[in-house]
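Shown next, in structure tokens, is the structure this report addresses.
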Amino acid sequence: MSQDLTAPADTRTMRIVHNALRRDLNRARAVLTTAPYPHTDQRRALAEHLDWMMDFLHHHHSGEDAGLYPMVRRRNPDTIALLDDMDADHHRIEPGMDALRRAAGEYRESADARAAVVAAIDELARVLFPHLEREENEMMPAVAASITTAEWDAWTQEFNVGTRAKSDLAREGLWIMEGQNAEDQQLIAELVPPVPRWIILNVFSRGYRKAAFRRWWSADTSPWKLRVSASTTVTVPATPDQVWSVLADVTRTGEWSHECHTAAWLDGATHSAAGVRFVGSSKVGRYGWTRPCTITVSDPGRVFGYETAGPLAKDSTEWRFVLEPTDEGTKITQSFRILRLPIWYDRLIWLTTPAHRDRRPALRADLERLGALAAQGRPAPATVK
């Protein structure tokens, strides 16, 4: 059935685009405020994505200011006051966009700018989100009452498509569709003719998924069959200092770990400190492996973390233990996050080591053993800060 080009403009795509903006600003804030925070590769990808979003938002507002709203103003004098409000909103939003772009650029170069990015997102959301909501609830009905489908399509073609590269439009469309409900995804997809639509959904989507994983490092975009990350929490009847005395002495890891049977300090080290290295040897069933590890955080009685490095497979995993005092003793939260893992090695582990498909039950038992050892109260090792 052919589209009636004289019908009132269908403005549903505006809400869908707004959903994508809200989704990723909220998602970025969540990633930036939840430990463990983005690692180096993720940090850079996230910063670049935020910068891209600000370019997208600027282009989005420019298209409204230059094409859509002047057309509505000419057709419907009753919208003038509302259009003036929309224009004023755009001017109020622009400084927040610039501030987020600057903060994202600083964050790309240094993790120290993380808090500045969070503050910039909060300030932008404070002015942007109410504007988006009012535009959907008040402005878009006025647009539909003022222009036709043909005019809406012509505006879209001139200001949102134009002479832009097809690859850029494909990326943008996939970004808009990500996480939307099936009806909204279909609406966006059907804006593209069948053949290029198939190419976008089946070819370009592979690259988009990889890019999305680099910035979000989430299970829904992960290329791996193994869990990209997981955490386990146990409360044990020992103080944080008692737990630390066992946890920070890596030579005792074999006493409580279900698979790491031996660990030893490297480079002459004898104590836990950021930058110190140790080596751990593990075994599950018939399979054994050894990994050098580098301590990334060593905050006595509070946080212990390290990264593994696989020399042959180029794999790396980040491990983190957070200790919190409770009335019953200590709440221990152990988390891991895969940082690097070749696809072939992921599939090999999946096939040969089923225990690694979901490690949470075994890790929970590890923490319970760690707590039992800690409750015995051996003296804490010296720690170099």
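The values are calculated or read from the model by the stated rules, or taken from the named source; none is laboratory data. Source: prediction; values computed, not measured. So basically every Cβ, Gly included, is an ideal-geometry build from the backbone, and we count neighbours across all protein chains shown. The protein model used for the area step is the full one, side chains on, heavy atoms only, and it has no ligands, DNA or RNA in it. Shrake-Rupley method; radii C 1.70, N 1.55, O 1.52, S 1.80 Å.
Number of Lys-Lys pairs in the chain under 28 Å by Cα, sequence gap 8 or more or different chains?
Close lysine pairs found across the chain: 8.
Where Lys and Arg each count +1 and Asp and Glu each count -1, what net charge lies around Lys166 among other residues with Cβ under 14 Å from its Cβ?
+1
Could you do me a favour and compute the accessible area per residue for the stretch 178-277, 1.4 Å probe, result in Å²?
Counting only protein heavy atoms, the per-residue value for the stretch 178-277 is 52 Å².
If you build the Cα gyration tensor of the stretch 206-263 and take the root of 5 times each eigenvalue, what three semi-axes come out, in whole angstrom, biggest first?
Semi-axes, largest first: 35, 14, 10 Å.
Just to verify a number: what accessible area does Asp84 come out at with the full protein assembly present, 1.4 Å probe, Å² rounded to tens?
Number for this one is 80 Å².
Counting helices only, and only those DSSP H runs with n ≥ 4, report the 222 nm mean residue ellipticity of the chain as the sum of -39,500 (n - 2.57) divided by its residues, in deg cm²/dmol to the nearest 500.
-15500 deg cm²/dmol
May I have the pair-distance distribution P(r) for the chain, computed from all Cα-Cα distances with 20 Å bins from 0 and rounded to whole percent?
23, 44, 25, 8, 0
Quick one: Karplus J couplings for the stretch 88-97, per residue in order, coefficients 6.51, -1.76, 1.60, θ = phi - 60°, nearest Hz, x for Gly and Pro?
5, 4, 4, 5, 6, 6, 4, x, x, 5
Over the stretch 23-77, average the accessible area per residue using a 1.4 Å probe and give it in Å², no decimals.
Averaged over the residues of the stretch 23-77, the accessible area is 42 Å².
Could you give me the ³J(HN,Hα) list for the stretch 318-327, computed from phi with Karplus coefficients 6.51, -1.76, 1.60 and θ = phi - 60°, whole Hz, x at Gly and Pro?
With coefficients 6.51, -1.76 and 1.60, one gets 9, 10, 8, 10, 10, 10, 10, x, 9, 4 Hz.
Rg and Dmax in Å for the stretch 100-143, alpha carbons only: what are they?
Every Cα atom of the stretch 100-143 included, Rg and Dmax give 14.8, 45 Å.
What's the extension gain from Asn137 to Gln376 if we count 0.36 nm per residue and subtract their Cα-Cα distance?
Residue separation times 0.36 nm, minus the Cα-Cα distance, leaves 79.7 nm.
Given Cα positions, please report Rg to Rh for the stretch 277-330, the hydrodynamic radius being the Kirkwood one.
1.11
Enter the angle in degrees (range 0 to 90, nearest 10) between the Cα long axis of helix 360-375 and the first principal axis of the Cα atoms of the chain, meaning the one along which they spread out most.
Once rounded, one gets 50 degrees.
Considering only protein heavy atoms and a 1.4 Å probe, what is the carbon-and-sulfur percentage of the accessible area of the chain?
54 percent
With the calculation restricted to Cα positions, what are the radius of gyration and Dmax of the stretch 273-385 in angstrom?
When restricted to the Cα atoms of the stretch 273-385, Rg and Dmax are 15.6, 46 Å.
Explain nothing, just compute: Karplus ³J(HN,Hα) = 6.51 cos²θ - 1.76 cosθ + 1.60, θ = phi - 60°, for every residue of the stretch 119-136 in order, whole Hz, x for Gly and Pro.
Rounded to whole hertz, the list is 4, 5, 4, 4, 5, 5, 4, 4, 9, 6, 4, x, 5, 4, 5, 5, 4, 5.
Can you list which of the trypsin sites (Lys or Arg not before Pro) found in the stretch 258-317 are DSSP loop residues with at most 16 other C-beta atoms within 10 Å?
Those that pass, being in a loop and sparsely packed, are Arg286, Arg302, Lys314.
Could you compute the net charge surrounding Arg27? Neighbours are other residues with a C-beta less than 13 Å from the C-beta of Arg27; K and R count +1, D and E count -1.
Net of charged neighbours comes to +1.
Could you tell me how far the Cα centroid of the stretch 100-135 sits from the Cα centroid of the stretch 19-73, in Å?
Answer, in whole Å: 9.
Would you kindly state the longest site-free stretch of the chain, with sites defined as GluC sites (Glu not before Pro) in a DSSP loop (not H, G, I, E, B) surrounded by at most 10 other Cβ atoms within 10 Å?
Longest stretch, sites excluded: 1-189.
May I ask you to give the solvent-accessible area per residue for the stretch 289-364, in square angstrom, as obtained with a 1.4 angstrom probe?
With the other protein chains kept in place, the stretch 289-364 gives 49 Å² per residue.
Give me the net charge of Asp315's neighbourhood, meaning all other residues with Cβ under 9 Å from the Cβ of Asp315; Lys, Arg count +1, Asp, Glu -1.
Residues close to Asp315 contribute a combined charge of +2.
In whole angstrom, how long is each semi-axis of the equivalent ellipsoid of the stretch 147-291, when you take the square root of 5 times every eigenvalue of its Cα gyration tensor and sort them from largest down?
Working through the eigenvalues yields semi-axes of 54, 17, 15 Å.
Calculate log10 I(q)/I(0) of the stretch 1-47 for q = 0.13, 0.19, 0.27 Å⁻¹, where I(q) comes from the Debye formula with a single equal point scatterer on each Cα and nothing for solvent.
Result of the Debye calculation: -0.50, -0.71, -0.98.
How big is Rg to Rh over the stretch 57-205, alpha-carbon atoms, Rh as the Kirkwood inverse-mean-distance radius?
Across the stretch 57-205, the Cα-based Rg/Rh ratio is 1.01.
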